[in-house]
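J.: Structure in structure tokens, see below.
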């Protein structure tokens, strides 16, 4: 039964020893399920000399082999399916920007579990059956729309299944139907706020109270910007198609890390270079094991997301472990002239210096030397500045970037609204070195 603070209070506030007991029991059962039904994973275990009998609980988790995205691509389309396909009722898929798509299968039980996780996130953001939840994540193969849509139904919200795009219609429905919760990517939330302002609306003119934003990296500075422009509290949500979709972890009222639904997922932090399991509180690569997935269960899946886990007591009363926002990725980190660069660092500098989060990073290699350019949209008040004034601002921003990154990019201030807006995931980085076959 839902109350003001929790969708499933007993699960969300159970003591850690109960969480561990549930994880122990589910892991033993899941390992046997995977071993018996997935040849690809059984071969990996046999190669490592591990059998289901070796796994007595989560303390033995480290004995199992990792699964990586390459394994999923090699198993396309259904080499990791762990049940008869007639038991499956849906698929979702990753965007497939490199290599083959990853196809994830779902039984009805898988979907029910996933939607309950999303419902927990909505209630944690203040949602109830009195709310109007506008879902602007993409529907279809992308998990965002379907997950929050199902979670909204379970909470009992009036659900507006808008999908992404057609911003004028988004705003019309938002205003006419008094939407109170907005679910979309943070870059699209920022775009909606920008469009509302252009149309002459003030933050207090809408009825929104909360936003649930995920699917791409965003910073605390961007959060504050969105909250200010939309007049809401902005909550982070984390998920990945390989585990189910959004709702694997979610923020509570503290807005200080996301609670992982530990009754359904086990989280580990590892050294991305060695695979060594690191203690809670260490910074490293996030690894997930799905405990309840029937159709597409993954054991020790390497997410490539870099973060930190914490078991510090949370004022919201939830006992699930927290993860920080991803601090970058071990596979999309850019190495430019030998320096590690994350797009989130660049966004932080821009927002701290009063610029919008509308930017594009262009990296190339010319005459065996990396070039590093950042196009940044000017604020309207800067657009009227003189060429000399604009050049001065570019140099000022370049110095701020150098202080953050330890490397000098070339800054180009461009006219407002000249960088293409995104209604899905924003394309922040164009790395032309990849066309040269350079393994970045």
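The values are calculated or read from the model by the stated rules, or taken from the named source; none is laboratory data. Just so you know, these numbers come straight off a predicted model, no measurement behind them. Note: ideal-geometry Cβ built from the backbone for every residue, glycine included; neighbour counts use all protein chains shown.
J.: Kindly establish whether residue 249 is more than 20 Å from residue 147 (Cα to Cα) and either in contact with a helix residue (DSSP H, G or I) (Cβ under 7 Å, 6 or more places away or on another chain) or part of a strand (DSSP E or B) (or both).
T.: No, not satisfied.
J.: Ok, one more. Yes or no: region 309-320 includes at least one residue that is outside the structural domain of residue 217 (by TED's automatic domain parsing), surrounded by fewer than 18 Cβ atoms within 10 Å (Cβ to Cβ) and part of a loop (DSSP other than H, G, I, E, B).
T.: So far as region 309-320 goes, no, none of its residues is outside the structural domain of residue 217 (by TED's automatic domain parsing), surrounded by fewer than 18 Cβ atoms within 10 Å (Cβ to Cβ) and part of a loop (DSSP other than H, G, I, E, B).
J.: Within the bounds of region 349-364, is there any residue that is touching a strand residue (DSSP E or B) at 6+ places or on another chain (Cβ under 7 Å), on the phi < 0 side of the Ramachandran plot and assigned to a helix (DSSP H, G or I)?
T.: Checked region 349-364: at least one residue is touching a strand residue (DSSP E or B) at 6+ places or on another chain (Cβ under 7 Å), on the phi < 0 side of the Ramachandran plot and assigned to a helix (DSSP H, G or I).
J.: Still on this model: Answer yes if at least one residue in region 2-12 is loosely packed, with under 14 Cβ neighbours inside 10 Å, within 26 Å of the chain's Cα centre (by Cα) and not in a helix (DSSP H, G or I), and no otherwise.
T.: Within region 2-12, one or more residues are loosely packed, with under 14 Cβ neighbours inside 10 Å, within 26 Å of the chain's Cα centre (by Cα) and not in a helix (DSSP H, G or I).
J.: Still on this model: Give the residues of region 25-53 that are touching a helix residue (DSSP H, G or I) at 6+ places or on another chain (Cβ under 6 Å) and either in a loop (DSSP other than H, G, I, E, B) or surrounded by fewer than 16 Cβ atoms within 10 Å (Cβ to Cβ) (or both), sorted by residue number.
T.: Of everything in region 25-53, those that are touching a helix residue (DSSP H, G or I) at 6+ places or on another chain (Cβ under 6 Å) and either in a loop (DSSP other than H, G, I, E, B) or surrounded by fewer than 16 Cβ atoms within 10 Å (Cβ to Cβ) (or both) turn out to be 32, 42, 50.
J.: Could you check region 191-224 and list, in sequence order, the residues that are in a loop (DSSP other than H, G, I, E, B) and more than 14 Å from the chain's Cα centre (by Cα)?
T.: Matches in region 191-224: 199, 200, 201, 202, 206, 207, 208, 209.
J.: Considering each of 388, 395 in turn, give the residue that is exposed (fewer than 13 other Cβ atoms within 10 Å of the Cβ), assigned by TED's automatic domain parsing to the domain that holds residue 347 and either part of a strand (DSSP E or B) or touching a strand residue (DSSP E or B) at 6+ places or on another chain (Cβ under 9 Å) (or both).
T.: Working: 388 fails: either part of a strand (DSSP E or B) or touching a strand residue (DSSP E or B) at 6+ places or on another chain (Cβ under 9 Å) (or both).
Selected residue: 395, the only one of 388, 395 that is exposed (fewer than 13 other Cβ atoms within 10 Å of the Cβ), assigned by TED's automatic domain parsing to the domain that holds residue 347 and either part of a strand (DSSP E or B) or touching a strand residue (DSSP E or B) at 6+ places or on another chain (Cβ under 9 Å) (or both).
J.: Let me ask another. Among the residues that make up region 332-345, is at least one of them modelled with pLDDT of 95 or more and on the phi > 0 side of the Ramachandran plot?
T.: no
J.: Which one is modelled with the lowest pLDDT among residues in region 59-79 that are touching a strand residue (DSSP E or B) at 6+ places or on another chain (Cβ under 6 Å) and over 13 Å from residue 298 (Cβ atoms)?
T.: Out of the qualifying residues, it is 77.
J.: Ok, one more. Going by what's in this entry, would residue 144 be described as under 24 Å from residue 420 (Cα atoms), touching a residue at least 60 places away in the same chain (Cβ under 8 Å), crowded, with 22+ Cβ neighbours inside 10 Å and in contact with a strand residue (DSSP E or B) (Cβ under 7 Å, 6 or more places away or on another chain)?
T.: yes
J.: Only one of (1) outside any loop (DSSP other than H, G, I, E, B); (2) over 30 Å from residue 362 (Cβ atoms) fails for residue 274. Which number is that?
T.: That leaves (1) as the condition not met.
J.: Given the conditions (1) assigned to a strand (DSSP E or B); (2) more than 23 Å from residue 421 (Cα to Cα), which single one is not true for residue 160?
T.: Among (1) assigned to a strand (DSSP E or B); (2) more than 23 Å from residue 421 (Cα to Cα), the lone unmet condition for residue 160 is (2).
J.: Are any residues in region 365-385 in a strand (DSSP E or B) and either touching a strand residue (DSSP E or B) at 6+ places or on another chain (Cβ under 6 Å) or surrounded by 15 or more Cβ atoms within 10 Å (Cβ to Cβ) (or both), and if so, which ones?
T.: Result: 365, 370, 371, 372, 373, 374, 375, 376, 377.
This table checks each residue for (1) surrounded by 15 or more Cβ atoms within 10 Å (Cβ to Cβ); (2) at pLDDT below 95; (3) farther than 17 Å from residue 239 by Cβ; (4) touching a strand residue (DSSP E or B) at 6+ places or on another chain (Cβ under 6 Å).
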site: 166; (1), (2), (3), (4): no, yes, yes, no
site: 172; (1), (2), (3), (4): no, no, yes, no
site: 190; (1), (2), (3), (4): yes, yes, yes, no
site: 196; (1), (2), (3), (4): yes, no, yes, no
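J.: From the list 121, 82, pick out the single residue that is farther than 30 Å from residue 233 by Cβ, modelled with pLDDT of 95 or more and crowded, with 17+ Cβ neighbours inside 10 Å.
T.: Just one listed residue meets the conditions, 82.
J.: Turning to a different aspect of this structure: Between residues in region 119-134 that are on the phi > 0 side of the Ramachandran plot and residues that are surrounded by fewer than 24 Cβ atoms within 10 Å (Cβ to Cβ), which pairs lie under 9 Å by C-beta distance while being six or more apart or on different chains?
T.: 126/4; 126/180; 126/209; 126/210; 126/233; 126/253
J.: Select from region 211-231 the residues that are closer than 20 Å to residue 149 by Cα and surrounded by 21 or more Cβ atoms within 10 Å (Cβ to Cβ) and write down the one among them that is modelled with the lowest pLDDT.
T.: Here the answer is 215.
Residue-by-condition table, conditions (1) in contact (Cβ under 8 Å) with a residue 40 or more places away in the chain; (2) over 20 Å from the mean Cα position of the chain (by Cα); (3) under 26 Å from residue 405 (Cβ atoms):
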{"site": "262", "(1), (2), (3)": "yes, no, no"}
{"site": "265", "(1), (2), (3)": "no, no, no"}
{"site": "274", "(1), (2), (3)": "no, yes, no"}
{"site": "279", "(1), (2), (3)": "no, yes, no"}
{"site": "293", "(1), (2), (3)": "yes, no, no"}
{"site": "304", "(1), (2), (3)": "yes, no, yes"}
{"site": "315", "(1), (2), (3)": "yes, yes, no"}
{"site": "320", "(1), (2), (3)": "yes, no, no"}
